[in-house]
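Asker: This is the structure, below, for whatever I ask next.
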Amino acid sequence: MQYYHGSPVAGITALVPPPGKTLYLTNNRAYALFYIRDLDVNWVTCGVAPDGAVHYDEQFPGQLRALYAGRSGWLYICEADALFVQGTSPWIVTCVHTVPVTSAEHIPDAHAAILREIGLGAVRVKRYEDKTPAQKQDIFEMMVHHIFKNRLLSAETPKARFMEQCFPESWRYAAQNAANAAEYITRWEAERLSSIDRKSAKPKTMVFYSHEFKPKNSGAAAAASFFFFFTFSPQHAPRKRAMGVHL
């Protein structure tokens, strides 16, 4: 079986895990395309459903085009390795050793490649315009939390500029209410905790962008991934690192 590792970086001949961290690969080619991304922004909002289709969730108008149009990169292909460990999703494997690249596929335009996968039914996009007012409000509040939690108002970074440009209402609200940041963070996280079905044998889980947020007493099964308005049960949900950092 072949495994893929999407990257904007050219010339990789072996995939090397960062020191003390884990390398992630996927057997889902369409999923790997989303990791040909801006590494400074690292905004990947998708997951793989139980049927193998990638679900991509826009949080601002035109997000898919804005993040991927004209962006080139590579899909690095590796053969199955006896040392690969099955991840929390059937679409992900992990390893802590160097994996040789057997071949590479150049992707001149990630957006065009993703559109082809949409046409084949391998990717389904939830457009921002199709969201309900309640869902858009949830995004607004989540982005305010993200801005506060990561102290982006005072940061001079590509990620801060991205948030200001793509989530201007959340940015303005955060700037106007910066003195209440701690209170907002506490309230937002408490409200999200209260939404979790604690009676479920396999509880839904939230992952905030820059850190994993696990409900207390939820057990290891709760350490799965969440992207906004679709959440798969833990046996199908890749962990946060697979979704947005190391893949």
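Quick note: the coordinates plus some simple rules give every number you see, no bench work behind them. Nothing here was measured: the structure is a model prediction, and the numbers come from that model. Using ideal geometry, Cβ is built from the backbone for each residue, glycine included, and neighbour counts are taken over all protein chains shown.
Asker: Could you pull out which residues in region 132-149 have an amide N less than 17 Å from a spot 7 Å beyond the Cα of Asn180, following the Cα-Cβ vector?
Answerer: 138, 140-149
Asker: Something else about it: Work out from phi, with θ = phi - 60° and the Karplus expression 6.51 cos²θ - 1.76 cosθ + 1.60, the ³J(HN,Hα) of each residue of region 160-174, listed in order in whole Hz, and give x for Gly and Pro.
Answerer: In residue order, the calculated couplings are 5, 5, 4, 5, 5, 6, 8, 10, x, 5, 5, 5, 4, 4, 4 Hz.
Asker: In whole Hz, what ³J(HN,Hα) sequence does region 138-153 give by Karplus (6.51, -1.76, 1.60; θ = phi - 60°), x for Gly and Pro?
Answerer: Karplus values, whole Hz, x for Gly and Pro: 4, 5, 3, 5, 5, 5, 4, 4, 4, 4, 5, 4, 9, 6, 7, 4.
Asker: Next question. Kindly write out, for region 47-62 in residue order, the coupling ³J(HN,Hα) from the Karplus curve 6.51 cos²θ - 1.76 cosθ + 1.60 (θ = phi - 60°), rounded to whole Hz, with x marking Gly and Pro.
Answerer: Once θ is set to phi - 60°, the couplings for region 47-62 become x, 9, 6, x, 7, x, 6, 7, 9, 9, 10, 7, 10, 8, x, x Hz.
Asker: Oh, and also: Give the aspartates and glutamates whose C-alpha is closer than 19 Å to that of Lys136, dropping any in the same chain fewer than 8 places away, or say none.
Answerer: Cα-Cα hits under 19 Å: Asp57, Glu58, Glu164, Glu169, Glu189, Glu191.
Asker: May I ask you to order 45-54, 78-87 by the average number of other C-beta atoms within 10 Å around their residues, highest value first?
Answerer: 45-54, 78-87
Asker: Whose amide H sits under 5 Å from the amide H of Ile107, counting only residues 5 or more places off or on another chain, with H placed in the peptide plane?
Answerer: Those qualifying (amide H under 5 Å, at least 5 residues apart or on another chain) are Gly73, Trp74, Leu75.
Asker: How far apart, in nanometres, would the label points at Glu105 and Val41 be if each is projected 7 angstrom from Cα along the Cα-to-Cβ direction?
Answerer: 2.4
Asker: Also: Which far-off residues, 5 or more places away or on another chain, put their amide H under 5 Å from the one on Tyr56, with H placed in the peptide plane?
Answerer: Arg124, Val125, Lys126
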